[in-house]
Amino acid sequence: MTPIRLTASVWQVPFPVGHVHLVRLPPDDRTGRAGYALVDTGVPGSAPAVLAALAELGGRPEDVRQIVLTHAHVDHTGAAADLTAATGAEVLAGAPDAPVIRGEAAQPPPALTTGEKALFERITAGFEAAGTPAPRPVAVGTELHDGDELTGWGEPVHVLATHGHTAGGIALHLPASGVLFPGDIIGAGEGRVVLGPFNVDRERAIASFRRLASLTPLETVCVPHGEPVLRDAAALRAATPETDWL
């Protein structure tokens, strides 16, 4: 997968289900080489494509310092174990989702709306037809909470809890550059911004959507599903998460 540049330091690695984002970090004081962070890892089997995209940017596996998982679903954590083994990077994730990612707890099922059921069945059938395995457990080095800040990115990175999609979803907001990694709370396509489907608590997910949409500045919204939202605050203001997927 050829990486798509979204900002001076952020690239999207596009996948049919669940994009991965590469973030270039400041050079290491010891080696002088730029580092990288991964935001999400794609479905199981995605690691070779992610590492190939990294190589296209001039990065090596050992340059990856952090793997941030926005939540515990398979299309976000599926390649985490393989990528951790290849890179030695630390895994960071929201504290309530960490037991699921470590394999210590089951993933709670979504509370599907009528409009979501057909899509959920189609995606599930696609995973089954492709023989997609469950993600292998992976150790979470840092459990994240609302209000935390990540270090080593060259600018402030605010962690925001995004309750509702899963119990422990998180978003990352970089206010200096106007970048947002929303996880599955926000999706986009065909000129619309929508609430991500398949939530465990729809009302809390809507509240999380509204919280993220109100952030300023928002220049680049790096959605995991659909097209990135670039310099289009109008699309966020026009969103109607309360009526999506009914």
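The values are calculated or read from the model by the stated rules, or taken from the named source; none is laboratory data. These numbers come from a predicted model, not from an experiment. Backbone-built Cβ (ideal geometry, glycine too); neighbour counts: all protein chains shown. These accessible areas exclude ligands, DNA and RNA; they are computed on the full protein's heavy atoms, side chains included. Shrake-Rupley method; radii C 1.70, N 1.55, O 1.52, S 1.80 Å.
Descriptive notes on the structure:
- Of the criteria (1) open to solvent by 50 Å² or more (accessible area, probe 1.4 Å); (2) in contact (Cβ under 8 Å) with a residue 12 or more places away in the chain; (3) under 18 Å from residue 166 (Cα atoms); (4) assigned to a loop (DSSP other than H, G, I, E, B), which one residue 106 fails: (2)
- Residue pairs whose Cβ atoms lie under 8 Å apart, separated by 6 or more positions or on different chains, with the first residue in segment 112-135 and among the hydroxyl-bearing types (Ser, Thr, Tyr) and the second open to solvent by less than 50 Å² (accessible area, probe 1.4 Å), are 113/197; 113/202; 132/43; 132/44; 132/74; 132/78.
- Residue within segment 56-78 that is within 23 Å of residue 157 (Cβ to Cβ) and in contact with a Pro (Cβ under 6 Å, 6 or more places away or on another chain) present: yes
- Set 162, 216: member being among the β-branched types (Val, Ile, Thr) and modelled with pLDDT under 95: 216
- Taking segment 10-25 as the range and being within 18 Å of residue 176 (Cβ to Cβ) and either in contact with a Leu (Cβ under 8 Å, 6 or more places away or on another chain) or at pLDDT below 95 (or both) as the test, the residues that pass are 10, 21, 23, 24.
- Hits in segment 214-235 - residues which are open to solvent by 30 Å² or more (accessible area, probe 1.4 Å) and either over 19 Å from residue 20 (Cα atoms) or among the basic types (Lys, Arg) (or both): 214, 215, 216, 217, 231, 232, 233, 234
A quick yes/no check of all residues on (1) of a type outside the set (A, V, I, L, M, F, W, C); (2) touching a Phe, Trp or Tyr at 6+ places or on another chain (Cβ under 8 Å):
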residue	(1), (2)
88	yes, no
102	yes, no
116	yes, yes
185	no, yes
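- Restricting 80, 85 to those that are modelled with pLDDT of 95 or more, more than 20 Å from residue 167 (Cβ to Cβ) and either out of contact with any strand residue (DSSP E or B) (no Cβ under 8 Å at 6 or more places or on another chain) or among the aliphatic types (A, V, I, L, M) (or both) reduces the list to 85.
- For residue 168, the conditions (1) over 24 Å from residue 87 (Cβ atoms); (2) open to solvent by less than 60 Å² (accessible area, probe 1.4 Å) all hold with the exception of (1).
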